[in-house]
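Worksheet for the structure shown next.
The values are calculated or read from the model by the stated rules, or taken from the named source; none is laboratory data. The structure displayed is predicted, hence computed values, not measured ones. So basically every Cβ, Gly included, is an ideal-geometry build from the backbone, and we count neighbours across all protein chains shown.
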Amino acid sequence: MPKIFCTPQFLNKEFASNERSEGLKQLSIYGELVDEPAVLEANHAEDIVASVASSSLYTDEFYEKADQLRIVARWGVGFDQVNVKAATQHGVIITVTPVHMDTVAEYTIGQWMATLKRVYTLNRLSHSGDFSIIRTYEAQGSTLGLYGCGRIGQHVCERARNLLGEKGTLLVYDTRPDIDEICGKYNAESVSSPEELFCRSDTVSLHVSGDDPIVHYDLLSQMQPHASLINPSRGNLVVDSDVHKAICEEKLYYYVVDDPVDGPRSIHKNHPRIICTNHNAGISVESTIRLDQTSINQVIDVLEHRQPDFVLNPDVLKHPRVKEWLSN
């Protein structure tokens with residue numbers, strides 16, 4: 001019998017829904033639903049026709065043996081672990097589910113407000129018995145800087161513009177060729193360098209893909225002491241030792257990162273002005289339903305010989321194996 005791997009996300013009872021139950025019921029028509037292993041190797045390949053993937057590692061050996069596999073549908077947008085090169089070589093479609101971008105944008109706006117209003121500091125003071133009134137700041141009239149202005153960044157622009165008011169400034173640093181057009185749409189100003197962005201902004205928010213660090217101590221040193229850095233993208237974009245040092249030296253006030261306090265971020269444990277959240281920026285009750293439905297529908301589309309939405313490796317559509325079942 002055909003088998004379909006299912007992400008462990010489907011087992012999280014916090015996000016159980018009628019939509020998820022119905023989607024899995026529909027998916028089970030096409031094969032036996034089995035739990036996705038943490039590492040997919042050759043011995044996992046037999047009878048697998050599709051996978052709704054989490055962050056599991058997909059090896060070359062798995063793709064070589066998985067001769068019935070048509071699609072790996074990522075529940076989310078990260079794709080580092082699914083081995084796109086091998087998938088394309090062996091005629092397997094990779095999809096992503098970019099349907100939680102507005103959720104990340106709302107997280108960004110929420111953290112922007114929380115840092116301006118010094119919510120984390122006020123909470124800590126109050127619980128420790130210190131009922132001081134401290135300095136806080138308004139969004140209107142301030143300067144918000146976005147490092148990166150793709151889909152999520154533009155959702156942030158849309159929400160932030162009214163909060164900034166007529167006197168507020170929306171700065172954007174992005175090297176994409178259409179950045180001037182995007183800035184015109186949101187009454188934003190494009191800057192020519194990250195240094196200018198960090199120097200001028202009261203808050204900087206990162207909206208960049210990739211794993212290579214782009215924020216080092218010298219860039220953090222350009223910030224104003226009252227300013228904050230929000231990182232809803234990837235923890236690795238910021239050098240943790242550098243941002244820890246910069247905050248301890250009062251180069252900036254808060255650092256918010258959507259990563260847990262482990263691994264390289266263990267250095268931040270118990271720091272009162274470094275806020276770590278557990279990869280939760282894009283996760284809400286509503287976005288989870290969209291992620292479930294989109295990934296399940298992608299698998300069903302492929303098994304019904306249709307091209308799915310959000311194909312990550314479009315070159316695979318030319319693969320003889322894919323052309324054979326798409327043309328049926």
From Ile289, Ile283, Ile300, Ile296, which residue is assigned to a loop (DSSP other than H, G, I, E, B) and touching a residue at least 12 places away in the same chain (Cβ under 8 Å)?
-> Ile283
Residue hits (segment 13-54; buried (at least 19 other Cβ atoms within 10 Å of the Cβ), in a loop (DSSP other than H, G, I, E, B) and modelled with pLDDT of 95 or more) are Gly31, Glu36, Ala45
Given (1) part of a loop (DSSP other than H, G, I, E, B); (2) surrounded by fewer than 14 Cβ atoms within 10 Å (Cβ to Cβ), where does Tyr137 come up short, assuming only one miss?
-> (2)
How many of the residues in segment 225-235 are free of Cβ contacts under 8 Å to residues at least 40 places away in the same chain and either crowded, with 19+ Cβ neighbours inside 10 Å or in contact with a helix residue (DSSP H, G or I) (Cβ under 8 Å, 6 or more places away or on another chain) (or both)?
-> 5
Taking first residues from segment 306-328 that are farther than 19 Å from Ala86 by Cα and second residues anywhere that are modelled with pLDDT under 95 and surrounded by 12 or more Cβ atoms within 10 Å (Cβ to Cβ), the pairs with Cβ under 8 Å that are 6 or more apart or on different chains are Arg306/Leu326; Gln307/Leu326
Counting only residues that are modelled with pLDDT under 95 and basic (Lys, Arg), segment 178-235 contains a total of 1
Hey, can you tell me all the residues within segment 253-270 that are in a loop (DSSP other than H, G, I, E, B) and either outside the structural domain of Lys117 (by TED's automatic domain parsing) or farther than 18 Å from Ser221 by Cβ (or both)?
-> Asp258, Asp259, Pro260, Val261, Asp262, Lys269, Asn270
